[in-house]
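Asks: The structure that follows is given in the form of structure tokens.
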Amino acid sequence: MPPYANSARKPAGPTHETIVRDVQAGKIAPIYYLMGEESYYIDRVADFIVNAVLQPDERDFNLITLFGADTDVETIINTAKGFPMGAQRLVVMVREAQNVSEMEKLEFYLKQPQASTVLIICHKNGSLDRRKKLAAQIEKCGVLFESKKLYESQLPTFVRDYLKRKKMAVDPAAAAMMAEYVGADLNRMAGELDKLCLACSPEQKTITPELVERNIGISKEFNIFELQDALAQKDVLRVARIAKYFDKNPKQNPIQKTLPSLFRFFSNLMLAYYAPERTEKGVAEWLGQSEWQVKRNVLPAMRNYSGVKVMQIIGEIRRTDARSKGVDNPSTPPGELMKELLFFILH
């Protein structure tokens, strides 16, 4: 019986870390159904299993890749019933499995899966219905893994952990900048972090904000991070300079990108007022942010803005967003809309 059949499982399901640890320990399941909205972990887990199970010289005959748009369940089952050639296991990889119809038929194969086959199914941009028999059957004999999109507050931790695996450190400010600038597309984030690592000199072991500014295309003095800092401090002159720069460079700083960042900033600020403990650590834990972020932005803003004012600001950001899309606004250009919003925030 496969090791996974008797293993304890947390209600939330396996994580990519637990899958990696189990595979490294020799606990290989007959099926890995990898699904979800975040393709990054689906690809990484699938590639890790292949590399752990097969040596490079075994893959020509023992790694079979099928694509969802070009295959069906019957072909998947027949392929999985094959035998390895000159290797301990046969690996069958199904890419883009969301395009396979009638996947529930796989249930019959899983009642008695081929012991020497590792079936890896990559189902992106969606997931199985966990109420159906197929999901229960997969969990009974193998691994059902759901890769979810990370929350914004989790991105700096992802940046730190990714760089740690490359034996690099990261300044908290740089991690926050990458989270804000790149966003939750982890494949793109990994590519940008690799680029930063290549840009480092051999003796440099820490990713700094200056390195991010030079290599990721963020203007050092005039960017959304500096705008948030200036607003938190209620620095009227600096806000005015940044607004003027944004107005002159609309392609680099479109209002459609700036408004969501300001909305997140002031929404978090609104939540901070409800923190049970209004210390740096207490607010950080309440918001799910780093203490560095709270110290730099949140606490100063809490001193400069009342809860009532923040609620009004959030409403005005929503109104500005609607006006930027033409609602009740026949002619005011984006630059003027932004200046009006910033004036409202500061006064």
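Asks: Of 341, 215, 20, whose Cα points farthest to the positive end of the dipole of the chain (charges on the beta-carbon: +1 Lys, Arg; -1 Asp, Glu; origin at the Cα centre)?
Replies: Of the options given, the answer is 341.
Asks: Please get the size of the charge dipole for the stretch 56-96, origin at its Cα centre, with Cβ charges of +1 on Lys and Arg and -1 on Asp and Glu, quoted in debye to the nearest 20.
Replies: Values: 4 positive and 7 negative charges, 34 e Å.
Here the stretch 56-96 has a charge dipole of around 160 debye.
Asks: Using just the helices of the chain, give the 222 nm mean residue ellipticity in deg cm²/dmol: DSSP H runs with n ≥ 4 each add -39,500 (n - 2.57), and the total is spread over all residues, rounded to 500.
Replies: Numbers: 17 runs with 179 residues, N = 347.
Computed ellipticity for the chain at 222 nm equals -15500 deg cm²/dmol.
Asks: How large is the translational diffusion coefficient of the stretch 232-347 in µm² per second when you combine the Kirkwood radius over alpha carbon pairs with Stokes-Einstein at 25 °C and 0.890 mPa s? Can you show the working numbers first?
Replies: Working: Rh = 15.0 Å.
Rounded, D is 164 µm²/s.
Asks: As an exercise, take the mean of 1/r over every pair of distinct alpha carbons in the stretch 3-147, invert it, and state the Kirkwood radius in angstroms. Don't skip to the answer; put the middle values down first.
Replies: Details: mean 1/r = 0.0665 Å⁻¹.
Here the Kirkwood hydrodynamic radius works out to 15.0 Å.
Asks: Roughly how many debye, to the nearest 20, is the charge dipole of the stretch 71-135 about its Cα centre, given +1 on each Lys and Arg Cβ, -1 on each Asp and Glu Cβ, and no other charges?
Replies: Details: 10 positive and 7 negative charges, 54 e Å.
With Lys and Arg at +1 and Asp and Glu at -1, about 260 debye.
Asks: Scan (1) 25.0, 75; (2) 21.2, 66; (3) 22.0, 68 for the value of Rg and Dmax of the Cα atoms in Å calculated from this model and give just the label.
Replies: Derived directly from the coordinates: (1).
Asks: Specify the inter-centroid distance of the stretch 168-193 and the stretch 279-306, based on alpha-carbon positions, in whole Å.
Replies: 21
Asks: Given charges of +1 on the Cβ of Lys and Arg and -1 on the Cβ of Asp and Glu, with all other atoms neutral, how large is the dipole of the chain about its Cα centre, in debye to the nearest 20?
Replies: Values: 48 positive and 43 negative charges, 141 e Å.
So the magnitude is around 680 debye.
Asks: Show me, bin by bin at 5 Å from 0, the whole-percent P(r) of the stretch 99-252 based on Cα pairs.
Replies: That works out to 1, 7, 14, 14, 11, 10, 10, 9, 7, 7, 5, 3, 1, 1, 0, in percent per bin.
Asks: Rank-order 290-299, 124-133 by packing density, defined as the average count of other C-beta atoms within 10 Å over each peptide's residues, highest first. Don't skip to the answer; put the middle values down first.
Replies: Numbers: 290-299: 19.8, 124-133: 13.1.
Listed from highest to lowest mean packing, they are 290-299, 124-133.
Asks: Apply the Debye scattering formula to the stretch 152-215, with a single equal point scatterer on each alpha-carbon and no solvent, then give log10 I(q)/I(0) at q = 0.16, 0.22, 0.27 Å⁻¹.
Replies: Here log10 of I(q) over I(0) equals -0.41, -0.81, -1.29.
Asks: Further question on the same structure: Restricting to bridges with both residues inside the chain, how much of the DSSP beta-bridge set is antiparallel, in percent to the nearest 5?
Replies: Values: 1 of 23 bridges.
Bridges in the chain are about 5 percent antiparallel.
Asks: So for the chain, taking the charge dipole from beta-carbon charges (+1 Lys/Arg, -1 Asp/Glu), which of 153, 308, 106 sits furthest toward the positive end?
Replies: 308
Taken together, the values in this text are just the output of simple stated rules run on the coordinates, not laboratory data. Being a predicted model, the structure only gives us computed values, none of them experimental. We place every Cβ from the backbone using ideal geometry, glycine too, and count neighbours over all the protein chains shown.
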